[in-house]
Amino acid sequence: MDASDRRYFEEEDSSLTKTMKGAATGLAAGTIWGTVVATWLDVPRVERNVALPGLIRTLKMMGNHGLTFAAIGGVYIGVEQLTQNYRQKRDFVNGAVGGFVAGAAILGFKGKSISTALSAGAALAATSAAIDAGGQTTRVDTGKEYYPYTTKKRADAAN
């Protein structure tokens, strides 16, 4: 393992923290998506100024999408971290394995069929591998170290 790979393994977040962050991000994104879907598909009928049934249907749809996205995010990141720690490599294979397991387990369970599980797993694995292999990332390693404090002495501090 070379120095650049070692730096990725020495990040401040543990695998469990990354998994929880993935699940929380999935919950937030799924809840927002559930709101959009509820607005498009489940336009509540207003009957005699009673809004509660429509609100309850919208909240159920938001919760359903939120929990599904949270499960996908948590399983994806968790399996990716397990694969990365087992293989001691950081490449597109980890994400592909995580994507396949997340798609097959979560979406296959919701679809209640093996063919749905395999196709959802393959779709998420291919998407993750394409993004990882294409080098799409939000972090760029410039080799520069940043500290929460300054390492240089001020000229007026000596006075």
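What to note about this one:
- The simple spin-label model puts a point 7 Å past each Cα toward its Cβ; for K21 and A130 those points are separated by 2.6 nm.
- Listed pairs K18/K152; K21/K153; K18/K144; K60/K112 exceeding 27 Å between Cα atoms: K18/K152; K21/K153
- Once the Cα-Cα distance is subtracted from the 0.36 nm per residue extended length, the K152 to D91 segment shows a gain of 18.2 nm.
- Burial order of peptide ranges 53-62, 71-80 (average beta-carbon count within 10 Å, highest first): 71-80, 53-62
- From the Kirkwood radius over Cα pairs of the range 14-128, Stokes-Einstein at 25 °C and 0.890 mPa s returns a whole-number translational diffusion coefficient of 161 µm²/s.
A short reminder: the numbers here are calculations on the coordinates, not readings from a lab. A quick note: this is a predicted structure, and the numbers were derived from the prediction, not measured. Note that we place each Cβ from the backbone using ideal geometry, even for glycine, and neighbour counts take in every protein chain shown.
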